[in-house]
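The values are calculated or read from the model by the stated rules, or taken from the named source; none is laboratory data. Remember, it's a predicted structure, so these values are computed and weren't measured experimentally. Note: ideal-geometry Cβ built from the backbone for every residue, glycine included; neighbour counts use all protein chains shown. These accessible areas exclude ligands, DNA and RNA; they are computed on the full protein's heavy atoms, side chains included. Shrake-Rupley method; radii C 1.70, N 1.55, O 1.52, S 1.80 Å.
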Amino acid sequence: QVQLVESGGGLVQAGGSLRLSCAASGRSFNNYAMAWFRQAPGKEREFVARIRIGGNTYYTESVKGRFTISRDNAKNTVFLQMSSLKPEDTAIYYCAARWNTGSSRTTDYDTWGQGTQVTVSQ
């Protein structure tokens, strides 16, 4: 099983950019589908983006064209490049891993990072 550590969060003005990283330790990272979720205050955790073992990517509608998920298997790292950020993107962002098959459901993932805070000001 892998362990996940996110980094790269922070405070940014609307319209700005951030790149989140999720470093995985453990074996066989390239056999895990990876995903990013987020949770805003008072709301449920929601799917943001995921990337399959083969590299296919999927996004929630609200971030399409603004966010890009990618992975570097040589570095055991998955990234989330976020551009044109909006105040409604403010949340704690979590990285998640699932063996072999990806999913957009939080309940399908049993490996999570600790989260990184992203705050977008007006």
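What the table below lists for this structure:
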item	result
Wholly within the range 22-122, strands (runs of 3 or more DSSP E) carrying at least 2 residues that are surrounded by 15 or more Cβ atoms within 10 Å (Cβ to Cβ) and among the hydrophobic types (A, V, I, L, M, F, W, C)	32-39, 46-51, 67-72, 77-82, 91-99, 116-121
Failed condition for V12, given (1) open to solvent by less than 30 Å² (accessible area, probe 1.4 Å); (2) closer than 21 Å to T106 by Cα	(2)
Test result for V48, closer than 15 Å to T111 by Cβ and either aliphatic (A, V, I, L, M) or touching a Pro at 6+ places or on another chain (Cβ under 6 Å) (or both)	no
